[in-house]
Amino acid sequence: MSDTRPRLLLNPDSIQAHISQTGVKRGQGWRAVSRLPNWAFPSVVRFLTCRDQVGKTQILGTGFIIGVVNEDWLILCTASHVFEDIDRALELRISDSLSYLDTKEARLRRRYNPDMLKHVLCGVCIPKMGREILCPIVNVETSENTRRRDTALVFVRLPREAAGLATPIPIDIGPPPRMDISLYVAGFNGTRQNERIPVNSTTLLTPERRLILREGFLGGFGSYAAQTFDTVKILIPIDGGMSGGPVIIYRPSPFEVKRVAVAVVGGELQCSESRALDESIEGSGWATPIVALFGHEVFLPTNEWIPFKEAVDRKLISTFGSEVYHQ
């Protein structure tokens, strides 16, 4: 009888690249990556809340594109607690904003009321257009309990002029990252309302689009931040608006070295302003491994939901690492 278990064809050590943009070494803390181009990391998006269509917006959190369907339908990933903050930002009762799934199989998921989502926008960077586009959110599926899994999927449709121009980042389904290679955390912050972006027939005043990229190292695996699921400790400080962003490593492919997402940023284990100011002090962030996304379902432009694994099999989700396994 043949062995049908997955078999690793390549040595895990040979398929992880240690690429440092700052030169920081383990034990030296973390470093901010400076001099980022205006449209660096276009797969990283930001979520903004707006009480009305003529007022100011505020940053709710970060996310990242993991799939594109029919050129204009975006599948994004973020942290579940990012959307819990919508209720506080908009002063809505949570019972008004949530639409719970009542099937046993879906007990770890919940979906949001479309009427509530009209108050949220997704800022997608389109480098070829030289600007950020604010898109309405079509649907969201979050975790039912963030202490059990802190991930969410968000679904956005691009306007016609931006179709085919969005850039996903592959999710990594290869071996876990080694302790000695650099990790990067990407996300947004910023409170100054100094950018005006047109949305339909109005113009919204938005916080400056300031991408933060920090380099550091893995701190370990375990149950952190009072979570009951396995999380990743990252020795990089996390600002509030960075929640939901990607934890990135580099993996070599036959023709290039690719950046891939290995986890979803959760937040800080120990809140301390000094950690974000002093790069010699190791940060204390945590993140959810990307494998947690396989507990979700994906909403398609045909108004149907399919299991996340099916979306991966159909190549609707951008992945990296499957070629190192042989069934």
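Around the amide H of G67, modelled in the peptide plane, lie the amide H atoms of I75, S318, all under 5 Å away and 5 or more residues distant in sequence or on another chain. Descending by average beta-carbon neighbour count within 10 Å, the peptides 135-142, 247-254, 234-241, 59-66 line up as 59-66, 234-241, 135-142, 247-254, the highest first. If R0 is 25 Å, what FRET efficiency do you get for K118 and T302 from their C-beta distance, rounded to 0.05? After rounding, the FRET efficiency stands at 0.70.
Ordering R178, R35 from the fewest to the most neighbouring beta carbons within 10 Å gives R35, R178. In terms of distances greater than 31 angstrom between alpha carbons, the cross-link table entries K25/K128; K233/K258; K25/K309; K118/K258; K25/K315; K128/K233 yield K25/K128; K25/K309; K118/K258; K25/K315; K128/K233. The ranking of K309, K315 by Cβ neighbour count inside 10 Å, starting from the fewest, reads K315, K309.
Rule-based calculations on the coordinates, nothing more; no lab input. These numbers come from a predicted model, not from an experiment. Backbone-built Cβ (ideal geometry, glycine too); neighbour counts: all protein chains shown.
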